[in-house]
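Reading through the structure tokens given below for one structure.
The values are calculated or read from the model by the stated rules, or taken from the named source; none is laboratory data. What you see is a predicted model, and the numbers here were worked out from it, not measured in a lab. Neighbour counts run over all protein chains shown; Cβ positions are idealised from the backbone, glycine included.
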Amino acid sequence: MASELGMGSDHRVAEAVADLDDDGRPKRVGTVWTACALVITAVIGAGVLSLAWSLAQFGWIGVSALIIFGIITLYTSNLLAECYRCPITAKRNYTYMQAAKANLGGKMYMACGLAQYSLLIGLTIGYTITAAISMVAINKSNCFHKKGHEASCKVSHIPYMIGMGVFEIIVSQIPDIGEMWWLSVMATITSFGYASIGAALAFSAVISLAFSALISRHGKRTSLTGVEIGPGITAAQKMWRMFRAIGDMMLCSSYSAILIEIQDTLKSSASEIQVMKKVNMISVSTTTLFYLICACFGYAAFGNNAHGNMLTGFGFYEPFWLIDLANIFIVMHLVGAYQVVAQPVFGAVESEMKRRWPRSKFVNAEYPIRIGKKNFNLISINLWRLTWRSMFVVMVTVLAMALPYFNEVLALLGAISYWPLTVCFPVNMYIVQKKIDRWTSRWVGLQSLNFVCLLVALAAACGSMEGFAEALRSS
């Protein structure tokens, strides 16, 4: 009997060990397809709605720019996949920042954190602006449907931004809301929903224009080089707009900031790097193709007068209910995405405060919300969390109200995130990982790519800042 009990105990221990990975953590079960789903869900967002405008600034040659950014992203993502394990200990890196620290040291770890958190904060501002613009578009769409397309349907975005800020303050008090599974499901459905509706509406407009052109020989003006210099636009303005368009394309092409985290979901195998490279190939190919469809159909539908946001610029008026549905999807996606990107910022500040003041009740004490005789376990109040998260949302909302410019914000986010996170850190980590000597042909090639992308990112940032200045002058 004792031997049987011992054997049963050993069997349970063996099963428990079998459920653990090589580092003692729960066994990873992710596959190529689950990883692809995570990448595509993270990448396809509101930025896709700006691509028709971006293509209009370049003309049809802008298609090559989208493809080039896709190729660069695929190449540098494969470099980053090679840096998943520490070059000395071969231990797994669970996050992008850990990979930077393991390969490049403490100073670059801090620089990587600065770049990542700057992007996350910038995204919350961008999400607030875009969600408010979509809410205004719903109001305008219904107004145009009732009163006609020529009606003056002016709606302020300020109340909608304030409303979103109040909602996010409340929701942000829920601990770990960014990790709730239903938030990812909602993001997947809604992001594909509005992007697909935009592409379908543009495609239907192209078909309609094709029939009109056959009859009247008139259609929307497109060209090889895009918006033409003339009475409405100077050569300098066209250049700045092209730089902003590059920033929009950069934002759409970037997902390196979460690549290591996604790679860490893949089940352990001898070829885990090759599996991630396969994920990169499928994901980048799929998203680039989707971007080309949206950009080309949008540009063909609206020509050189394409709007900055395909669903809120009112290139489409009917069917109004479908446009409303697409904008509702945008709002739902961004309200949830706000929490997903804000939670790491909240967590970093709160962890540091707890480390510094471990005995402070203001920082550490939790007060469960009581309803009747029972505690409401979903939400508990922490005074520091309530103060800090509320201050953060208020600050973001005020900045969004001060700079409510869709394309300019997207371009700036693309400029500040693409070069450091998609190119610079992956290139330099790969050089360390593979011990590539300085001034060898491979080192020169990698650093040349790094330098060229830096110049392009600086141009995009300058274009975005000039766009802000122009918008403020005209407002």
### Summary
Sole miss for SER54 among (1) under 22 Å from ALA257 (Cα atoms); (2) touching an Asp or Glu at 6+ places or on another chain (Cβ under 8 Å); (3) assigned to a helix (DSSP H, G or I) is condition (1)
### Summary
ALA337 passes all but one of the listed conditions (1) farther than 21 Å from GLY165 by Cβ; (2) assigned to a helix (DSSP H, G or I); the exception is number (1)
### Residue check, ARG385 in contact with a Pro (Cβ under 9 Å, 6 or more places away or on another chain), farther than 30 Å from ILE246 by Cα and modelled with pLDDT of 85 or more
yes
### Message
Can you tell me which of (1) at pLDDT 90 or above; (2) outside any helix (DSSP H, G or I) is the one LEU74 doesn't meet?
### Response
(2)
### Summary
For the range 64-106, the count of residues that are surrounded by fewer than 16 Cβ atoms within 10 Å (Cβ to Cβ) and not hydroxyl-bearing (Ser, Thr, Tyr) equals 9
### Task
Name the one entry in VAL335, VAL340 that is surrounded by 14 or more Cβ atoms within 10 Å (Cβ to Cβ), closer than 18 Å to VAL393 by Cα and at pLDDT 85 or above.
VAL335
## Note on the structure
Checked pairs for the range 341-352, first of a type in the set (D, E, K, R), second assigned to a helix (DSSP H, G or I), C-beta under 9 Å and 6 or more apart or across chains, list as GLU350/VAL363; GLU350/TRP384; GLU350/ARG385; GLU350/TRP388; GLU350/ARG389
### Message
If I filter the range 411-451 down to residues being out of contact with any helix residue (DSSP H, G or I) (no Cβ under 9 Å at 6 or more places or on another chain) and in a helix (DSSP H, G or I), which single residue comes out as surrounded by the fewest Cβ atoms within 10 Å (Cβ to Cβ)?
### Response
SER441
